[in-house]
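Worksheet: the structure to be examined is printed underneath.
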Amino acid sequence: LIHFFKYRHDWPLAGRLGARLADLGPVAEILASADVIVPLPLHWLRHVGRGFNQAVIVARVMGRRHGVKVRRAVVRLRGTPTQTTMHKRARRLENLANAFGVVSPSQVRGKRVVLVDDVVTTAATLQTLAREVRRHEPASVSAIVLAIADPKGRAFETI
């Protein structure tokens with residue numbers, strides 16, 4: 001389903017999946033204590049090519065359902081090759097070096113921040129984004145994703 005909405009431009013499906021995710025117990029618990037939701041940013045060229053940012057759609061739905069503000073406090077500073085072609089975690093981390101920047105530190109400083117993305121595979125993207133957000137002293141950082149694509153069967157409770 002995620003592949004379908006990302007690459008076949010069925011963005012309303014992202015909203016429906018986000019709504020279902022928002023109603024799950026553990027997700028509702030995280031959102032109940034959140035101050036701000038920060039969707040994973042796309043580089044502007046990828047955003048233009050795709051026409052939408054699926055993480056923003058999911059974040060907005062969850063924010064509306066739980067009364068949490070969605071803020072684009074982070075931007076993608078540079079375009080990177082898609083992570084889907086990289087299978088080694090080290091390569092993914094290298095690809096994302098200096099890829100994110102916090103443009104509005106006041107939107108994360110002292111706040112309980114929830115990062116939102118569609119899929120986590122090696123957690124390299126979320127880890128890189130979380131490290132950048134942590135530089136601006138949030139009270140906490142959590143992450144919510146629609147799906148885990150992890151053939152190695154790792155647990156990602158903590159990144």
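Taking the Cα of L1, stepping 7 Å toward and past its beta carbon, and measuring to each backbone N in the range 57-75: which are under 15 Å?
Residues passing the 15 Å test: 58-59, 61-62.
Just subtract the alpha-carbon distance of N98 and A139 from 0.36 nm times their residue separation and send over the number in nm, one decimal.
Residue separation times 0.36 nm, minus the Cα-Cα distance, leaves 12.5 nm.
Tell me, how many Å apart are the Cα centres for the range 99-134 and for the range 11-27?
The distance from the Cα centre of the range 99-134 to that of the range 11-27 comes to 20 Å.
How many nm is it between the label spots at S106 and A19, if each spot is 7 Å from the Cα in line with the beta carbon?
Taking the two extended label points, one gets 3.5 nm.
Values quoted throughout were computed directly from the atomic coordinates according to the rules given, and no laboratory measurement underlies them. Predicted model only: the values in this text are computed from it and were never measured. Heads up, the Cβs are rebuilt from the backbone with ideal geometry, glycines too, and the neighbour counts pull from every protein chain shown.
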